[in-house]
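For reference, the structure discussed in these notes is given below.
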Amino acid sequence: MRRATPLESVVEEVPNIVTWELFTDGASSSDGSGAGLNLIGPDGEEHTYALRFEFPTSNIKAEYEALLSGLRMAEKMGIKYLKVSVDSQLVANQMNGTFEARDPAMQNYLALAEEMANKFERFSITQVPRSLNKKADALSKLASSVFSHFAKDVWVEVLSQKSANVVQKRSIHE
């Protein structure tokens, strides 16, 4: 496997590189498991996703599922240069070769993630504090919560103005 090159040094060598950033987080609880993805383009364009897993999984496996889902999405979008940030120290260090995957399931996840990472011309993965991964973390928590009372599709609308923005003056007639 081609080892991840620190993307920061690559960016310095190639000033016009079109780098995308991917933030992922996985979560597992007794209510369910899911992932949050936040993909940010070089122009600041954001793609956010919450994925609900309909299979049982542990927290670390949910982290890998989140990473793999994000890598598949980036590949489908034709992204060539990708900088990934995860808050899982284990995933980041296994991907960078610092930690060894001993469990057969983790070895499978790691091999699949390395195979996906090799599809990009430039790839790096780093562990970031949870405080820098807030969007992906919130999305993963939403996706792993109880969904039985939600419809299959949950739409999020952003309101830029208050509904009662204009104060009306009423005159009192005697």
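The values are calculated or read from the model by the stated rules, or taken from the named source; none is laboratory data. Remember, it's a predicted structure, so these values are computed and weren't measured experimentally. Neighbour counts run over all protein chains shown; Cβ positions are idealised from the backbone, glycine included.
Residues of the range 42-65 being more than 9 Å from the chain's Cα centre (by Cα) and part of a strand (DSSP E or B), which ones?
Keep residues of the range 42-65 that are more than 9 Å from the chain's Cα centre (by Cα), which gives 42-47, 51-65.
Of everything in the range 42-65, those that are more than 9 Å from the chain's Cα centre (by Cα) and part of a strand (DSSP E or B) turn out to be E46, H47, L51, R52, F53.
Name the residue, out of L39, L68, that is in contact with a Leu (Cβ under 8 Å, 6 or more places away or on another chain), over 21 Å from A105 (Cα atoms) and either part of a helix (DSSP H, G or I) or modelled with pLDDT of 80 or more (or both). Break it down stepwise before answering.
Details: L68 fails: over 21 Å from A105 (Cα atoms).
Matching residue, one of L39, L68: L39.
Taking S28 as the residue in question, decide whether it is hydroxyl-bearing (S, T, Y), closer than 19 Å to R130 by Cβ and in contact with a helix residue (DSSP H, G or I) (Cβ under 6 Å, 6 or more places away or on another chain).
Yes; evaluated as a whole, the condition is true for this residue.
Criterion first (in contact (Cβ under 8 Å) with a residue 60 or more places away in the chain and touching a strand residue (DSSP E or B) at 6+ places or on another chain (Cβ under 9 Å)) does S58 satisfy it?
Here the answer is no, as S58 does not meet what is asked.
Restricting to the range 71-107, name every residue that is within 16 Å of W20 (Cβ to Cβ) and assigned to a helix (DSSP H, G or I).
L71, R72, M73, A74, E75, K76
With the requirement that a residue be in contact with a strand residue (DSSP E or B) (Cβ under 7 Å, 6 or more places away or on another chain) and among the acidic types (D, E), what does the range 78-112 give you?
The one that is in contact with a strand residue (DSSP E or B) (Cβ under 7 Å, 6 or more places away or on another chain) and among the acidic types (D, E): D87.
Hey, could you check the range 36-50 for residues that are out of contact with any Asp or Glu (no Cβ under 6 Å at 6 or more places or on another chain) and crowded, with 21+ Cβ neighbours inside 10 Å and say which is farthest from A143 (Cα to Cα)?
Among those residues, the one meeting the criterion is L39.
Filtering the range 53-72 down to residues that are of a type outside the set (S, T, Y) and surrounded by fewer than 17 Cβ atoms within 10 Å (Cβ to Cβ), which residue is nearest to D137 (Cα to Cα)? If you could, list the steps in order and put the result at the bottom.
Looking only at the range 53-72, we keep the residues that are of a type outside the set (S, T, Y), and these are 53-56, 59-63, 65-68, 70-72.
Next cut, surrounded by fewer than 17 Cβ atoms within 10 Å (Cβ to Cβ) only: 54-56, 59, 72.
Details: E54: 19, F55: 20, P56: 19, N59: 13, R72: 19 Å.
Among residues in the range 53-72 that are of a type outside the set (S, T, Y) and surrounded by fewer than 17 Cβ atoms within 10 Å (Cβ to Cβ), the one nearest to D137 (Cα to Cα) is N59.
(1) surrounded by 14 or more Cβ atoms within 10 Å (Cβ to Cβ); (2) touching a Phe, Trp or Tyr at 6+ places or on another chain (Cβ under 8 Å): which one isn't true of E121, the others all being true?
Looking at each condition in turn, E121 falls short on (1).
Give me the residue from the range 12-36 that is aliphatic (A, V, I, L, M) and not in a strand (DSSP E or B) and, out of that set, modelled with the lowest pLDDT. First the steps, then the outcome.
Let us first name the residues in the range 12-36 that are aliphatic (A, V, I, L, M), namely 14, 17-18, 22, 27, 35.
If we keep only those that are not in a strand (DSSP E or B) as well, we get 14, 17-18.
Details: V14: 53, I17: 73, V18: 81.
Only one residue fits best here, namely V14.
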